[in-house]
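Readers should treat all values here as calculations from the given coordinates under stated rules, not as data from a laboratory. Given the structure is predicted, the values throughout are model-derived calculations rather than measurements. Note that we place each Cβ from the backbone using ideal geometry, even for glycine, and neighbour counts take in every protein chain shown.
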Amino acid sequence: MHPAHYENLTPAQAIAHQHELRRKVDIKPLEKPIRVIGGADISFNKDSDIVYAGIVLFNYPELKVIGTATAISKTKFPYISGLLAFREVPALLDAWLKLPIMPDLMVLDGQGIAHERRLGIATHFGLVTDTPSIGSAKSRLYGRYDEPANIPLATSRMYDNGEVIGTAIRSKRNCNPIYVSPGHHISMEQSVEVIKNSLRGYRIPEPTRQAHLLVNKIRIEDSGNNNLQINLFD
DNA sequence: GCGACAG
DNA sequence: ATCTTGTCGC
């Protein structure tokens, strides 16, 4: 199944595909050194099927921006909890193909294996691109956990019947935790380490935070071109 | 049947 | 996710 055809899938078929992909998920230590890390995110206007995808590249662990790529496309697949990848991955792949250089690791806005079928968007994207990936979500989708202490960098494991599937991290004092889980070709420990090293004073780690700022920027710009250019010269 | 439910 | 200003708290 090719991502370009995800929009034609029914939810049941999408779930069946996740069961297939699950067999290929590889959660093990990333041996190669991490020199370039990327952050990805998408944005869209309310009641619109136009998707704005973007990826920001940084050198690691310094985190200086070394490149970006964006893509604008359409989506027919609706947002369905648990099937987020079928809605966002196609657009992200468009941006992925425009990158000036390929990153050693990607951070996605969403879950990795902290998913009912271990196929959060980060895991799905990692599989499709065969690239190490980490999921960093702003809210929980699946798994049980105790609230981490209100101390910067405090962590708490997320479980699914005794299996550790993620880590809730207090990325910032007095802020809700972020939910980190390995996506593909990386371990739980490394995922947490990389995310902690990518924090810069905000609740959201830089890769994903910058990607979010980028896609919102191009969305506003594009919206100003397609819509509100009525009565500008009356 | 009821509650939960990434972005 | 997005719609949106001020406002309470650290």
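For this structure, a couple of remarks:
- Scanning the range A:28-52 for residues that are farther than 19 Å from residue A:109 by Cα and either outside any loop (DSSP other than H, G, I, E, B) or not charged (D, E, K, R) (or both) turns up A:29, A:30, A:33, A:34, A:48.
- Summed over the range A:122-147, residues that are within 16 Å of DNA strand B (Cβ to nearest atom) and part of a loop (DSSP other than H, G, I, E, B) total 9.
- Between A:87, A:118, the distinction of being touching a Ser or Thr at 6+ places or on another chain (Cβ under 8 Å), basic (Lys, Arg) and within 14 Å of DNA strand B (Cβ to nearest atom) belongs to A:87 only.
- A single member of A:15, A:55, A:80, A:113 is part of a helix (DSSP H, G or I) and either within 14 Å of DNA strand B (Cβ to nearest atom) or over 17 Å from residue A:182 (Cα atoms) (or both), and it is A:15.
- Selection within the range A:1-12 - part of a helix (DSSP H, G or I) and surrounded by 13 or more Cβ atoms within 10 Å (Cβ to Cβ): A:3, A:6, A:7, A:11
- Of residues in the range A:172-211 being in a loop (DSSP other than H, G, I, E, B) and polar (S, T, N, Q), the one nearest to residue A:150 (Cα to Cα): A:174
- One residue from A:92, A:63, A:97, A:21 being under 25 Å from residue A:140 (Cβ atoms) and surrounded by fewer than 22 Cβ atoms within 10 Å (Cβ to Cβ): A:21
- Some residue of the range A:149-171 being surrounded by fewer than 15 Cβ atoms within 10 Å (Cβ to Cβ) and within 14 Å of DNA strand B (Cβ to nearest atom): no
- Residue match in the range A:92-100 (condition: in contact (Cβ under 8 Å) with a residue 40 or more places away in the chain and farther than 15 Å from residue A:3 by Cβ): yes
- Top-ranked residue in the range A:31-59 [being in contact with a strand residue (DSSP E or B) (Cβ under 7 Å, 6 or more places away or on another chain) and farther than 30 Å from residue A:224 by Cβ; ranked as surrounded by the most Cβ atoms within 10 Å (Cβ to Cβ)]: A:37
- Long-range neighbours under 9 Å by Cβ, at least six apart or interchain, first residue at negative phi within the range A:112-125, second near DNA strand B (Cβ under 7 Å from one of its atoms) and basic (Lys, Arg): A:114/A:140
- Any chance residue A:101 is over 15 Å from residue A:121 (Cα atoms) and in contact with a Ser or Thr (Cβ under 9 Å, 6 or more places away or on another chain): no
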